[in-house]
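For reference, the structure is listed below as structure tokens.
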């Protein structure tokens with residue numbers, strides 16, 4: 001798994017630090033490229049909020065002839081807040097609010113496969 005959060009923690013970079021973000025992303029992309037060159041499957045574990053961010057990654061991965069699957073997981077707002085507060089590394093509320101405001105739900109055509117996941121604990125509407 002290639003995880004931006006793991007790089008942030010290793011480098012002691014806050015999620016609010018704009019300068020550190022590009023360094024974190026570059027390091028993660030270098031790891032991904034090494035895995036792609038060796039044809040090793042991996043998960044890119046990051047919150048890619050916008051189509052533009054996702055497209056950059058999809059373009060990178062498909063350059064190496066990788067098959068790309070996007071998994072979009074959605075939980076109700078209250079559950080999201082609760083899960084965030086229970087994390088070891090909490091995302092500050094203002095950052096979380098900005099992230100939610102920027103969210104563009106992935107479209108089915110953005111990758112070879114796009115899965116929409118609603119955890120079982122959430123009541124489904126019929």
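What follows is calculated from the coordinates using simple rules that are stated; it is not laboratory data. What you see is a predicted model; the values in this text were computed from it and never measured.
Taking square-rooted eigenvalues a ≥ b ≥ c of the alpha carbon gyration tensor, is the chain rounded, prolate or oblate, where a/c under 1.5 means rounded and, failing that, a/b exceeding b/c means prolate?
In terms of gyration-tensor shape, oblate.
Distance between the C-alpha centres of the stretch 19-39 and the stretch 45-110: 17 Å, rounded to the whole angstrom. Every helix of 4 or more DSSP H residues in the chain counts as -39500 (n - 2.57), and over all residues that averages to -15000 deg cm²/dmol at 222 nm.
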